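The values are calculated or read from the model by the stated rules, or taken from the named source; none is laboratory data. Predicted model, so just to flag it, every value in this text is computed and none were measured. Cβ placement follows ideal geometry from the backbone for every residue including glycine, while neighbour counts extend to all protein chains displayed. Note: accessible area is taken over every heavy atom of the protein model, side chains too, but ligands, DNA and RNA are not part of it. Shrake-Rupley method; radii C 1.70, N 1.55, O 1.52, S 1.80 Å.
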Amino acid sequence: MSLSNIAAKIIGEKKRWRAYKARTKTLPQPYRATVDAVERYLMNSGETPTDGRQLVLLFEDLADLFESAAADGTPVRDLVGADPVEFAETFARTYSDGGWIAKERARLTRTIDDLAGDGS
């Protein structure tokens, strides 16, 4: 991939991210605060995709979900359920290999399996 293609990709992802942020700012409360909290959790949890395109797609789809819920008047609790952490992690898993934490979990498991003679 050429340097100009890499730059175009990065700029494109930044534009999509800014568009996502602009969309979420227009959400009414409590949807805006909830999507911000889910975003904050996902960004700090290690459960998000490591690929920039997938990461932005995840958050664009999150905005779609919350925009639809707000338009339909779906209560936030009905949307995220009784366990917001489970909601966020399940939502993120559909977009990635689990992010860096999944890779580290797999690496730890492989290492212990190899050391214990359980590896293939």
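Listing for the model above:
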| quantity | calculated |
| --- | --- |
| Residue check for ALA8: small (Gly, Ala, Ser), assigned to a helix (DSSP H, G or I) and either open to solvent by less than 30 Å² (accessible area, probe 1.4 Å) or at pLDDT 95 or above (or both) | no |
| Elements of type helices (runs of 4 or more DSSP H) contained in region 29-120, each with 3 or more residues being among the acidic types (Asp, Glu) | 52-72, 99-116 |
| Positions within region 61-96 being closer than 13 Å to TYR20 by Cβ, crowded, with 16+ Cβ neighbours inside 10 Å and not aromatic (Phe, Trp, Tyr), in sequence order | LEU62, ALA63, LEU65, GLU67 |
| Some residue of region 10-28 being in contact with a Ser or Thr (Cβ under 9 Å, 6 or more places away or on another chain) and of a type outside the set (A, V, I, L, M) | no |
| Selection count where residues are more than 22 Å from SER45 (Cα to Cα), at pLDDT below 85 and of a type outside the set (Gly, Ala, Ser), scope region 70-120 | 1 |
